[in-house]
1. Here is a list: Val59, Val54. Which entry is at negative phi and more than 18 Å from the chain's Cα centre (by Cα)?
2. Among the residues of segment 77-100, is there at least one that is closer than 28 Å to Ser4 by Cβ and within 18 Å of the chain's Cα centre (by Cα)?
3. Looking at Ser36, is it at pLDDT below 95 and of a type in the set (S, T, N, Q)?
4. Here's a check for you: in segment 54-93, which residue that is of a type in the set (A, V, I, L, M, F, W, C) and not in a helix (DSSP H, G or I) is surrounded by the most Cβ atoms within 10 Å (Cβ to Cβ)?
5. Does Lys51 satisfy being touching a strand residue (DSSP E or B) at 6+ places or on another chain (Cβ under 7 Å) and either of a type outside the set (A, V, I, L, M) or surrounded by 11 or more Cβ atoms within 10 Å (Cβ to Cβ) (or both)?
6. Report the residue count in segment 94-121 for those that are hydroxyl-bearing (Ser, Thr, Tyr) and exposed (fewer than 10 other Cβ atoms within 10 Å of the Cβ).
Amino acid sequence: MATSDNILNEKVKATYYVLIASALTENGDEVLKTGSAEISIPVVDDEGNDKFLVITLKVPKGSRDGEPYDGYGMAEDFRMKQEAKAEKKAKADKAKAEKIKRDEEYRRKAKENKEKAVSAS
């Protein structure tokens, strides 16, 4: 009789839980088991604030329409979204810099015109 997917998935998560917890412990981190497939690590941010980092292990099954999960496809999709976001930000930054330049030029000309009007009076 074949082993069920759920049992196989639980074994995979347990194997990697031990692997990750061991690596973190060897690194000097305190590892807290907060769930059957969840690790919590106390950390300190750049300003000295105490925080917790949570790592959750899961074996995704895929979409509801039966298409299996594709980690490579998800990684590619994420990469493309990040590139699009970076391009959009670069465009916005360029537009903002151009607006600042236009505004500075406008203020400079307005100041010159005001000075000319005052000296002409």
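The values are calculated or read from the model by the stated rules, or taken from the named source; none is laboratory data. Since the model is a prediction, treat every value here as computed from it, not as a measurement. Reconstructed Cβ throughout: ideal geometry from the backbone, glycine too, with neighbour counts over all protein chains shown.
1. Val59
2. No, every residue in segment 77-100 fails to be closer than 28 Å to Ser4 by Cβ and within 18 Å of the chain's Cα centre (by Cα).
3. yes
4. Once the filter is applied, the top-ranked residue is Leu57.
5. Considered against the rule, which asks whether it is touching a strand residue (DSSP E or B) at 6+ places or on another chain (Cβ under 7 Å) and either of a type outside the set (A, V, I, L, M) or surrounded by 11 or more Cβ atoms within 10 Å (Cβ to Cβ) (or both), Lys51 comes out as yes.
6. 2
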